[in-house]
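Q: First the structure, then my questions, so here it is.
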Amino acid sequence: MNAILTAFVRHPESVGENYAEHAAFAGRFGGQLLLAGLAALVHAVFPFAFEKTASNMVMKLHGKIANRGR
């Protein structure tokens, strides 16, 4: 049982978070990635729509995650 608990907290602790904080961050991050993906898919069909939305979102997300845990 202790090995299972360790597995759940090892990575969050490596980025300075507890399990709940990490789950919330990862959930928000994943949701924003999904939205960026949807914008890119709409743009693929309608090139005039969401011209820079996906790339702007990805660059913003990269800024949030680039130096975590260092």
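Q: Taking Ala44 as the residue in question, decide whether it is among the small types (Gly, Ala, Ser) and under 15 Å from the mean Cα position of the chain (by Cα).
A: no
Q: Take residues that are touching a Pro at 6+ places or on another chain (Cβ under 8 Å) and tell me which of the helices (runs of 4 or more DSSP H) falling wholly in the chain contain 1 or more.
A: Values: elements: 2-14, 19-45, 53-65.
The helices (runs of 4 or more DSSP H) meeting that bar are 19-45.
Q: In addition: Looking only at region 28-38, decide whether some residue is within 30 Å of Ser14 (Cβ to Cβ), surrounded by 11 or more Cβ atoms within 10 Å (Cβ to Cβ) and either at pLDDT below 95 or in contact with a Gly (Cβ under 9 Å, 6 or more places away or on another chain) (or both).
A: No: region 28-38 contains no residue that is within 30 Å of Ser14 (Cβ to Cβ), surrounded by 11 or more Cβ atoms within 10 Å (Cβ to Cβ) and either at pLDDT below 95 or in contact with a Gly (Cβ under 9 Å, 6 or more places away or on another chain) (or both).
The values are calculated or read from the model by the stated rules, or taken from the named source; none is laboratory data. Only a predicted model underlies this, so the values are computations on that prediction, with no experimental measurement involved. Cβ atoms come from the backbone with ideal geometry, glycine included; neighbour counts cover every protein chain shown.
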